[in-house]
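The values are calculated or read from the model by the stated rules, or taken from the named source; none is laboratory data. From a predicted model like this one, the values you see are computed outputs, not experimental measurements. Here the Cβ positions follow ideal geometry from the backbone for every residue, glycine too, while neighbour counts run over all protein chains shown. Heavy atoms of the whole protein, side chains included, go into the accessibility calculation; ligands, DNA and RNA do not. Shrake-Rupley method; radii C 1.70, N 1.55, O 1.52, S 1.80 Å.
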2 protein chains.
Amino acid sequence: MGRWEPNAQARLRQAAMDLYASRGFERTTVAEIAERAGLTERTFFRHFADKREVLFAGSERLQELLVETTAASFEASGPAGAVVAAFEHAATSYFPEVAFSRQRQDIIDANPPLQERELAKLDRVAAALAQVLRDRGVADPAAAVAAESGVAAFKVAFTRWVTGAAEGELIDHLRAAFTTQRSLLGAPVPVTPGT
Amino acid sequence: MGRWEPNAQARLRQAAMDLYASRGFERTTVAEIAERAGLTERTFFRHFADKREVLFAGSERLQELLVETTAASFEASGPAGAVVAAFEHAATSYFPEVAFSRQRQDIIDANPPLQERELAKLDRVAAALAQVLRDRGVADPAAAVAAESGVAAFKVAFTRWVTGAAEGELIDHLRAAFTTQRSLLGAPVPVTPGT
DNA sequence: ACCGCGATGTCAGCCGCTGTCATCGGCTCG
DNA sequence: CGAGCCGATGACAGCGGCTGACATCGCGGT
């Protein structure tokens, strides 16, 4: 590639993770990250769109995975079933050990700007999944609802998994969340009286 | 209050909305907003936490409303029903005319940072609703799932209402979203095969 | 008349982020 | 083997969001 040390991007990410974990996200400057990686601040911004993105680079991979799996399961499982299948597949094949996810999540949970970015990523996932369903003929309220509801259940499962609120792997929490969702919403909802 | 023109906060908000709409969010500086409002940049940040918050101040009111209504409907309607009732009540009593919401949403849709903030607000709403349910004895996967699913349906309904994707008031889109959600998720979901 | 206080102004400064141009090697091609 | 292209990085200047610290000004109460 170049005449410099290789893996500039990986070095930057590692330096950022270390500093975010030890000193905190806010009190870490981009200049510090770059210096620790043996690069300059300008180069940091050539590899990452902004200071937050370091923690989310690679999330496109999850989205692609979910899109592919949803598309693959659609014919057999229908809209909601395909979304469920996609998340269940990702739960067992995409996410690293809890320990790693937890460390990362601790950093995110401690910093509102990072939470915002995480929610944005999840929203893009929902939009992408909805589009997959639309491309396959699902009309619009249903497509969007299926996608958003799937993401909603995933958020709950992921949170419970990563915080260790209860025993079990991510896939267990995910199945529990989907089951809970079906039983909560499947039951007839009383019509709200006019007041 | 003071010796200056009154309604400083309202003037700042109006100035910001005008400039965001005409010049765009990015190309509007806080100094310009303040000048247009007859104040200084420093004063802007005394009224709004950051440049984005101008568009979201007042969203706490929606959250409070939803929390109150959910709490009030809980006993009669249960977790999911209370959340549904809360959103339906808000849909008819909180949101201004479409035209106003649409103008605001156009600004938000054009700027990723604003979308992130909006998602953050919705996430706080979900967290608050989940807490209401927990306080009333709903165990945790269910509380979080009910809240997040309600927000998911609301997101879809609001989007369709504000973009004019279909006819109808917000409440109509909301009922359609909830109905769609029930029929999609209430049906038995096929078990995903081992492959 | 005096004083406390809250809202605003002023000033200096950090830091995220960007545009622009220079630099340095490895690479291809003749 | 030399010339020149090219991709990755460096160096520098600058804007703008945001904050801390301190001064100022009048309103309202005593």
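All conditions but one from (1) away from DNA strand C (no atom under 15 Å from the Cβ); (2) within 14 Å of another protein chain (Cβ to nearest Cβ) apply to B:D50; the one that does not is (1). Considering B:R52, B:R27, the condition of being under 30 Å from B:I171 (Cα atoms) and within 12 Å of DNA strand D (Cβ to nearest atom) is satisfied by B:R52 alone.
Are any of the residues in the stretch A:166-177 among the charged types (D, E, K, R), open to solvent by less than 60 Å² (accessible area, probe 1.4 Å) and within 13 Å of chain B (Cβ to nearest Cβ)? Within the stretch A:166-177 (the criterion being among the charged types (D, E, K, R), open to solvent by less than 60 Å² (accessible area, probe 1.4 Å) and within 13 Å of chain B (Cβ to nearest Cβ)), the answer is no, since none of the residues qualifies.
Residues in the stretch B:1-28 that are basic (K, R) and within 20 Å of B:D109 (Cα to Cα) were compared, and the one that is least open to solvent (accessible area, probe 1.4 Å) is B:R13.
Does B:A8 meet the test of being without any contact (Cβ under 8 Å) to a residue 24 or more places away in the chain and of a type in the set (A, V, I, L, M)? So B:A8 fails the test. Quick one: which of A:A99, A:A72, A:A126 is in the same structural domain as A:A147 (by TED's automatic domain parsing) and either closer than 23 Å to B:E148 by Cα or not in a helix (DSSP H, G or I) (or both)? Within the list A:A99, A:A72, A:A126, the selection yields A:A126. Total residues in the stretch A:58-104 satisfying the condition of being β-branched (V, I, T) and either within 16 Å of DNA strand D (Cβ to nearest atom) or free of Cβ contacts under 8 Å to residues at least 40 places away in the same chain (or both): the figure is 1. In the set (1) over 18 Å from A:R104 (Cβ atoms); (2) part of a loop (DSSP other than H, G, I, E, B), the condition left unmet by A:A31 is number (2). The residue of the stretch A:53-110 that is farthest from A:E167 (Cα to Cα), among those that are among the aromatic types (F, W, Y) and away from chain B (no Cβ under 14 Å), is A:Y94. The number of residues in the stretch A:119-143 that are open to solvent by less than 40 Å² (accessible area, probe 1.4 Å) and in contact (Cβ under 8 Å) with a residue 24 or more places away in the chain comes to 10. All told, B:A110 falls short of being in contact with a Pro (Cβ under 8 Å, 6 or more places away or on another chain), open to solvent by 50 Å² or more (accessible area, probe 1.4 Å) and away from DNA strand C (no atom under 14 Å from the Cβ). Looking at (1) free of Cβ contacts under 8 Å to residues at least 24 places away in the same chain; (2) under 20 Å from B:I108 (Cβ atoms), which is the only condition B:L55 fails? It fails just one condition, (1). When B:R117 is tested against the conditions (1) more than 7 Å from chain A (Cβ to nearest Cβ); (2) farther than 23 Å from A:Q131 by Cβ, the lone failure is (1).
Can you spot a residue in the stretch B:65-86 that is under 21 Å from A:A127 (Cβ atoms), among the hydrophobic types (A, V, I, L, M, F, W, C) and open to solvent by 40 Å² or more (accessible area, probe 1.4 Å)?
No, the stretch B:65-86 has no match at all.
Taking the numbered list (1) within 12 Å of DNA strand C (Cβ to nearest atom); (2) in a loop (DSSP other than H, G, I, E, B) in turn, A:A57 passes all entries but (1). Remark: pairs (first residue in the stretch B:24-47, more than 12 Å from B:A8 (Cβ to Cβ); second residue outside any helix (DSSP H, G or I); Cβ separation under 6 Å; 6+ apart in sequence or on different chains) = B:F25/B:N111; B:V30/B:K51. Would you call A:G150 of a type outside the set (V, I, T) and either touching a Ser or Thr at 6+ places or on another chain (Cβ under 6 Å) or more than 11 Å from every other protein chain (Cβ to nearest Cβ) (or both)? For A:G150, the condition - of a type outside the set (V, I, T) and either touching a Ser or Thr at 6+ places or on another chain (Cβ under 6 Å) or more than 11 Å from every other protein chain (Cβ to nearest Cβ) (or both) - is not met.
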